[in-house]
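Everything on this sheet refers to the single structure shown next.
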Amino acid sequence: MIKNVFSAIGSSAKRLVGCWRGLGILILLYAALLFSTYMFFTTGQATAGQVVLSFALPIVAIVLFFALQVAIARFGIEDRAPRLLGGAFKDFWKLVVISIPVALLVWAVIYSAGRIDSSFKPTVQQAARALTPRPKAPGHAVPSAPVPWQVTLTWTVAYVLLLAAFPLMLAQVWAKVARLGFGEALRSLGRTLARAFAPRAVLTYAFGFIFFAVVPYLLVFVKTPAANAWIEAGLLAARLIIAALLTLLGWTMTVGALSELADGAPSRAGEFREGAEHAAVST
């Protein structure tokens, strides 16, 4: 199993490096997505044009995000860059529709975790009593209030769902919709979800998560001190650029490996059946 996982990851990485035109399309869409997101958070609302732009930019960002996911899913099977770009904007709405139930699940998980967390928070009277100064022995710190185990368990389950289960499921479903179409993806939705949580798929996502999430996080939030302020600013800019590229490349490599493992399962089963039939005929 581990050998197949590493083989799929290596094959996906080779395709990523070999198809530089398609990679340029991915980088173009990704840069446009980051720019539209940046403009949304930095645009004020002092004028009518800025208000209109504030309403338009989220729509643009959503279109670019799902178009990018279509292009990533078709990266390994579409050689022509213009068709890759055109198909991404033509079929992005399919990913939007298939993602609505998952978006509702994400909202339900966050809302439920927040309600459970708030139910264990102290009331105003309890907080006031906790703030009352109490005599303490010198040299001893005041112990902080313990976190209830229910809150810890709730947020642990929420993070597992939000960072692992839902992205892994969406990666498989998005790839199936982008490659085979909306109708075929719906007909095989049960098999797709079952394969999404197969051991090989989970292991592939775990390795990919290191590249598109863990390493970029460390690059952004781990400081590199420098004596000169300009050097430190340059290092920060370099870290941000590398982190953004690693996120794109790592996610593309992960989706490609997951698709290869999912597509390889039926073929291997067919080869096994053909081998069994051949053995039966020979005997």
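The values are calculated or read from the model by the stated rules, or taken from the named source; none is laboratory data. It should be emphasised that the depicted structure is a prediction, and the values quoted were computed from it without experimental measurement. All Cβ positions, glycine included, derive from the backbone under ideal geometry; neighbour counts span all protein chains shown. When the accessible area is computed, the model is the full protein with side chains, heavy atoms only, and any ligands, DNA or RNA have been set aside. Shrake-Rupley method; radii C 1.70, N 1.55, O 1.52, S 1.80 Å.
Restricting attention to region 147-171, report how many residues are among the hydroxyl-bearing types (S, T, Y) and touching a residue at least 40 places away in the same chain (Cβ under 8 Å).
1
A quick yes/no check of all residues on (1) farther than 24 Å from A243 by Cα; (2) under 18 Å from the mean Cα position of the chain (by Cα); (3) modelled with pLDDT of 90 or more:
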site	(1), (2), (3)
S12	no, yes, no
G22	no, no, no
L33	no, yes, yes
A48	yes, no, no
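If we scan region 121-142, do we find a residue that is over 20 Å from the mean Cα position of the chain (by Cα), loosely packed, with under 14 Cβ neighbours inside 10 Å and at pLDDT 70 or above? Checking region 121-142: at least one residue is over 20 Å from the mean Cα position of the chain (by Cα), loosely packed, with under 14 Cβ neighbours inside 10 Å and at pLDDT 70 or above.
Within region 199-211, at least one residue is β-branched (V, I, T), open to solvent by 60 Å² or more (accessible area, probe 1.4 Å), under 20 Å from A8 (Cα atoms) and in a helix (DSSP H, G or I). Selection of region 228-240 for residues being part of a helix (DSSP H, G or I) and either among the hydroxyl-bearing types (S, T, Y) or loosely packed, with under 11 Cβ neighbours inside 10 Å (or both) yields A229, W230, A237.
Of the residues making up region 79-105, those that are open to solvent by 30 Å² or more (accessible area, probe 1.4 Å) and either polar (S, T, N, Q) or not in a helix (DSSP H, G or I) (or both) are D79, R80. Applying the criterion of being open to solvent by less than 70 Å² (accessible area, probe 1.4 Å) and of a type outside the set (V, I, T) to the residues of region 214-227, the residue that is farthest from the chain's Cα centre (by Cα) is A226. The number of residues in region 212-227 being modelled with pLDDT of 90 or more and assigned to a loop (DSSP other than H, G, I, E, B) comes to 0. Of the residues in region 1-57, how many are without any contact (Cβ under 8 Å) to a residue 12 or more places away in the chain, open to solvent by 40 Å² or more (accessible area, probe 1.4 Å) and assigned to a loop (DSSP other than H, G, I, E, B)? The number of residues fulfilling the criteria is 3. Contact map, region 196-221: first residue touching a residue at least 60 places away in the same chain (Cβ under 8 Å) and farther than 14 Å from L170 by Cβ, second residue part of a helix (DSSP H, G or I) and of a type in the set (S, T, N, Q), Cβ cut-off under 9 Å, separation 6 or more or different chains; pairs are R200/N4; T204/T254; F207/T254.
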